[in-house]
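Coordinate-derived values only; no laboratory data. In this text the structure is predicted, and so the values were computed from the model without any measurement. We place every Cβ from the backbone using ideal geometry, glycine too, and count neighbours over all the protein chains shown.
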Amino acid sequence: MLTGCAVVFVYSVQIIDFFIGYGHEHPSSLLRVLCLAAGIICLNIPACLVLLASNGKKNYLKIVVIGTLLNLSSNIILVQIFEATGTVISIVITELFIMIGLYWEVHKIYIHHKRDGRNFLKSLFFQGK
C-alpha cells in the first residue's frame, strides 16, 4: 500500500492529465493529499484489529460513528469555504481522529493489562485456552 501511495503521489500530475487532460494542477495536489490520507487509513488497521480481537466492538463503533459525524459536519462547513479542498481536508481530519481514537482505546486496553505484555497478547488470541 505504501508503494502504491508513493507511486500515485509521485505521478499524480500524469494520472490527472491522463484522466481529465492537461492544465489541471489543483486536482493533482488533491490526489497527493488523498494519498497521505490512504497512508493514515493503513495505520488504522493494526489498532482496529487489536481492538476487535479484544472484544472492543462497542468502542470501535463509537469511534467510527463519531468520526462519521465529524466528517459530515466538517465537510458541510469546509466545502462552503474551500470547495473540493474542503472535502479533502475533512477526510484527513476524520482519518486522523479515527486513528488517534483507535490507538487511544488500544492504549487503554494495554494499560489495563500492563502487568505482563505476553499475558495481554495471550488474552487477545487465546481467550478460551
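Some observations on this one:
- Chymotrypsin sites (Phe, Trp or Tyr not before Pro), loop per DSSP, at most 11 other Cβ atoms within 10 Å - longest free stretch of the chain: 23-125
- When restricted to Cα atoms, the chain yields an Rg and a Dmax of 18.8, 62 Å, respectively.
- Segment Val8-Lys58, length gained on full extension (0.36 nm per residue, minus Cα span): 14.5 nm
- Using C-alpha pairs under 8 Å with a sequence gap of at least 6, the mean separation divided by the residue count of the chain gives a relative contact order of 25 percent.
- Debye, to nearest 20: dipole size of the chain, +1 on Lys, Arg Cβ, -1 on Asp, Glu Cβ: 1020
- Helix-only CD estimate at 222 nm, as mean residue ellipticity for the chain, using -39500 (n - 2.57) per DSSP H run (n ≥ 4): -29500 deg cm²/dmol
- Once both labels are positioned 7 Å from their Cα atoms along Cα-to-Cβ, the gap between Gln80 and Ile40 label points is 2.2 nm.
- In the chain, taking the dipole from charged Cβ atoms about the Cα centre, the farthest positive-side position among His107, Ile76, Phe18 is held by His107.
- Count of Lys pairs (Cα-Cα under 16 Å; at least 8 positions apart or interchain) in the chain: 4
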